[in-house]
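Everything below concerns the one structure shown next.
Every read-out reported here was derived from the displayed coordinates using simple, explicitly stated rules and does not represent laboratory data. It should be emphasised that the depicted structure is a prediction, and the values quoted were computed from it without experimental measurement. All Cβ positions, glycine included, derive from the backbone under ideal geometry; neighbour counts span all protein chains shown.
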Amino acid sequence: MTGTGPTCLLPLQPHDAEGPVFREPWEAQAFAMTLRLHEAGHFTWAEWASALSAQITAAQAAGDPDLGDTYYTHWLAALEALVARKGIASRTEQVARKEAWRVAAERAPHGEPIALDAAIRAGEVGRDG
Amino acid sequence: MSEHDHHHDHDHDHPRLTDAELRVRALESLLVEKGLVDRPALDALIDLYETKVGPRNGAQVVARAWIDPAYKAWLLRDATAAIAEMGFRGRQGEDMVALENTPGVHNMVVCTLCSCYPWTVLGLPPVWYKSAPYRSRAVIEPRAVLAEFGVVLPEETEVRVWDSTAELRYLVLPMRPEGTAGMDVEQLAELVTRDSMIGTGVARRPGDAS
C-alpha cells in the first residue's frame with residue numbers, strides 16, 4: 001500500500017485499501033437511513049438517485065468543486081429534501097429538531113454523551129411555528 | 001448575571017457537533033420516533049457494508065469466472081442472475097451487467113450523473129469515483145484518467161466507458177493475470193482489486209505487493 005491514506009481511521013469506520021469509505025460516522029448514518037427508508041418502500045431507488053443528482057447539480061452550480069469529499073453533504077441534503085417531500089418529516093420538524101440537538105449539545109457536560117432531553121425537545125426550541 | 005464575562009480559555013466557541021452531525025441526529029431521532037428506522041438495523045447495515053461486502057464479493061465472482069467457463073458465460077449473459085446465485089443480491093433492485101476485458105477491449109465504469117455503483121459486489125464507492133473530475137474526465141479522456149491510475153494500455157486496445165444508472169450497474173471482469181495457472185478460487189480472488197472491477201486498474205499478478 002502507498003500509505004497516502006489517512007492514518008486516523010476510527011476503529012468502526014468503514015474503509016478499504018485506499019482509505020475510509022465514510023470519512024465521518026455521520027456519513028455512514030445518513031447512508032444507512034437512506035437504505036432503510038428505501039427498503040421499507042418509502043421511495044424507489046430511482047427517486048433517490050434523482051434527488052441525489054439534483055442536489056449534486058445544484059451544488060456544482062453554486063460553485064462546489066465536487067471532489068467527492070462533499071458527497072455525503074449532498075447526500076444528506078437530498079435525503080432531507082426527499083423525506084420532506086414524501087411527508088415523512090417536514091422541513092419545520094427537521095429544523096426544530098436540529099435546533100433541539102444544538103441546545104442539547106451545548107448543555108451536555110464535556111465528556112458526556114449528548115442526549116436529547118425531552119424537556120428541551122418539547123420546550124423552547126421544539127415548538128414548531 | 002452578566003452574559004459575557006465568564007470566558008473560558010478552552011474552545012467554547014467551537015460547536016460540539018457540526019452542522020451535518022446535528023442534521024443527521026435530527027433526522028435519525030425523528031425517523032426512530034416515527035417508527036420508520038431503528039438504530040440496531042442502521043448499525044447492522046453499516047457493519048454489513050464495512051465488513052461483509054467490500055470488494056470481496058466482486059472478487060469472488062471474478063475468480064470463479066476465471067476458473068469456471070460455464071459460470072463466466074452465464075455471468076456475461078445474465079450477470080444479475082449469475083451474481084445472485086452466489087448470494088449477492090442488489091439492494092436497490094438494479095440490474096447488473098458484466099463487461100469482459102480482453103487484449104482488444106478495456107472497459108471502465110463511471111456514473112456521470114451522480115455515483116451509481118454496484119454496492120452489492122464492490123461495497124461502497126471510493127471518494128474519487130464520486131468526484132466531478134473523474135465523472136467528467138472518464139468520458140472525455142479515459143486514457144489520461146487510466147494513466148493516472150497507472151494503467152497504460154497498448155494503442156490498439158479499445159477503451160469503452162460505461163455510464164451507470166440507478167437501474168443498471170456494471171462489473172468489469174478483468175483479465176486473468178499470467179502465472180496463475182495452478183491457483184484456486186481463494187488465491188485468485190486475492191488478486192482481484194476493487195479498481196480492476198471498476199476498470200481503473202488491472203488484477204494483481206502473483207507476488208505483487210498488495
Gaussian network model of chain B, springs between alpha carbon atoms under 10 Å - residue of B:Arg77, B:Arg56, B:Arg176 with greatest fluctuation: B:Arg77
Check: segment A:23-122 dipole with +1 on Lys, Arg Cβ and -1 on Asp, Glu Cβ, in debye: 340 debye
Cα-based helix-to-principal-axis angle, B:56-67 vs chain B, degrees rounded to 10: 0 degrees
Proxy reagent accessibility, fewest Cβ within 10 Å first, across A:Ile114, A:Ile56, B:Ile198: A:Ile114, A:Ile56, B:Ile198
Computed helical MRE - 222 nm, chain B, DSSP H runs ≥ 4 contributing -39500 (n - 2.57), nearest 500: -11000 deg cm²/dmol
Ranked list, fewest to most other Cβ atoms within 10 Å of each Cβ, for A:His38, B:His106: A:His38, B:His106
Cys residues of chain B counted as unpaired, since no other Cys beta-carbon is under 4.7 Å: B:Cys114
Distant-in-sequence amide H partners of B:Val105 (H built 1.01 Å from N, under 5 Å): B:Glu158
Order of A:Ile88, B:Ile140, B:Ile46 - criterion: other Cβ atoms within 10 Å of each residue's Cβ, fewest first: B:Ile140, A:Ile88, B:Ile46
Average beta carbon contacts from partner chains per residue of A:67-75, 10 Å cutoff: 5
Relative contact order for segment A:23-122, counting Cα pairs under 8 Å that sit 6 or more residues apart, in percent: 21 percent
Tilt relative to chain B, helix B:19-33 - C-alpha long axis, 0 to 90 degrees, to 10: 90 degrees
Chain B, relative contact order [Cα under 8 Å, separation at least 6], %: 23 percent
